[in-house]
Amino acid sequence: MNSFNADRRRCLLATAGLVATSLLPSSLYARAGRSLRLVRQIPGHDEYIPVIGMGSWGTFDIGDDAQLRRDRLPVLQQFFADGGTLIDSSPMYGSSEQNLGWCLQRMEKPPVFSATKVWTRGAARGIEQMQASQSLWGTGPFDLMQIHNFTDWETHLETLREWRDEGRIRYIGITTSHGRRAEDMARVIAKEPDIDFVQFTYNIADRDAEKTLLPLALEHGKAVIINRPFQRKALIHAVEGEPLPAWASEFECENWPQFLLKYIASHPAVTCVIPATSRVDHMIENMGACYGMLPDEKLRRRMVSYFESI
């Protein structure tokens, strides 16, 4: 790499508020052709997580099907092999926690940043649900416990404060999706200092979060997890058969999933994006967005224009 390109890479990373790390074995560099893993700092903490994580809605909700469960194990192994850490789930996602736990318990010390949710009413039921989730995951204390879709959120927040003080969880979060409860989320970001993480929807077709939620999160030091990056599969279907623009190589983008994910991850307020997949090849594509460079603001505008022209 010549000095101009090296300086440009450092500039783009700094502009995006990113840190690039070389934490993978050299054999993985050779396989993936990459050397820089993009991570973001959790605001207010000396801890960094990769910009691409993994969701589990639908993909791990496979009941007790033994074959499907075995099929998910290499997907999770690929996620970790490509440098992923944050896995997001919820009791709302059927058997997802059960099947995640089955896979995690068959790995030797997986580097998981465990994130799940409480999704019920009442303090006692919330405690029971969180204890059940711990048993299903089998990974020890959760890194992040989130209040799912604002369900009885003030009640659960009191419990989560106590759990964090006792070391039973490390971070507290709250979630929404599909653009719902945006005003409530804005109030929480601005007024609840005990909330460490917020999670909501943002993607190249649904950019409402750019108006208020993302700037607020940046201002008030909240880590941001982004759900529905592909609007389930709608955005992938929208670009199917369309050529990837040649200029995507300027930010080391190899395919459409990376194009869509790098648009999101390049916003300076975004900490982690959580696409979901049940396929190893798709996991490899997704995790490619965790490496190299991210687009600057000029390229982000160009990405939107190109996408909207399709």
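What follows draws every value from the coordinates through simple rules; no lab data is involved. Quantities reported herein were computed from a predicted structural model and do not represent experimental measurements. We place every Cβ from the backbone using ideal geometry, glycine too, and count neighbours over all the protein chains shown.
As an exercise, use a Förster radius of 22 Å and the Cβ-Cβ distance of H220 and S177 to find the FRET efficiency, rounded to the nearest 0.05. So the FRET efficiency works out to roughly 0.60.
Any idea what angle helix 153-165 forms with the longest principal axis of the chain, computed on alpha-carbon atoms, 0 to 90 degrees, nearest 10? Taking the Cα atoms of the chain, the angle to 153-165 is about 90 degrees.
The H on the amide N of I274, modeled in the peptide plane, is under 5 Å from the matching H of G53, I226, each at least 5 residues off or on a different chain. The stretch between D165 and R70, if pulled fully straight at 0.36 nm per residue, gains 30.5 nm over its current Cα-Cα span. Here the contact order of the stretch 178-286, divided by its residue count and restricted to Cα pairs under 8 Å and six or more residues apart, works out to 28 percent. Between amide H atoms placed 1.01 Å from N, distances below 5 Å from E47 occur with I42, all of them 5 or more places distant or on a separate chain.
Quick one: Cα centre-to-centre distance for the stretch 222-270 and the stretch 93-159, in angstrom? Each part's Cα centre sits 28 Å from the other's.
Per-residue 3J(HN,Hα) values for the stretch 134-139, derived from phi via the Karplus relation 6.51 cos²θ - 1.76 cosθ + 1.60 with θ = phi - 60°, read 4, 5, 5, 6, x, 10 Hz in sequence order (x marks Gly and Pro).
Label-to-label distance for R279 and R121 is 4.1 nm, based on points extended 7 Å past Cα in the beta-carbon direction. When the Cα positions of N203, A276, L216 are compared along the charge dipole of the stretch 168-310, L216 comes out farthest toward the positive end, with charges on each C-beta of Lys, Arg, Asp and Glu. Computed from Cα positions, the angle between helix 182-191 and the longest principal axis of the chain comes to roughly 80 degrees.
Each Lys or Arg adds one and each Asp or Glu subtracts one; over the other residues with Cβ under 11 Å from the Cβ of E285, this totals -2.
Using unit Cβ charges (K, R positive; D, E negative) and no other charged atoms, how large, in debye to the nearest 20, is the dipole of the chain about its Cα centre?
440 debye
The mean sequence separation of alpha-carbon pairs under 8 Å and at least six residues apart, normalised by the residue count of the stretch 3-309, gives a relative contact order of 21 percent. A cut-off of 5 Å between modelled amide H atoms, ignoring neighbours fewer than 5 places along the same chain, links T201 with H178, G179, N227.
If both residues of a DSSP beta bridge must be in the chain, then about 25% of such bridges are antiparallel. Using the Karplus relation 6.51 cos²θ - 1.76 cosθ + 1.60 with θ = phi - 60°, the per-residue 3J(HN,Hα) values for the stretch 66-72 come to 5, 5, 4, 5, 5, 5, 6 Hz, with x marking Gly and Pro. Counting only alpha carbon atoms, the long axis of helix 3-15 and the longest principal axis of the chain meet at about 30°. Our coupling estimate for the stretch 87-101, obtained by passing each phi through the Karplus curve with A = 6.51, B = -1.76, C = 1.60 and θ = phi - 60°, is 10, 10, 8, 5, x, 5, 8, x, 8, 4, 5, 4, 6, 4, x Hz, Gly and Pro reported as x.
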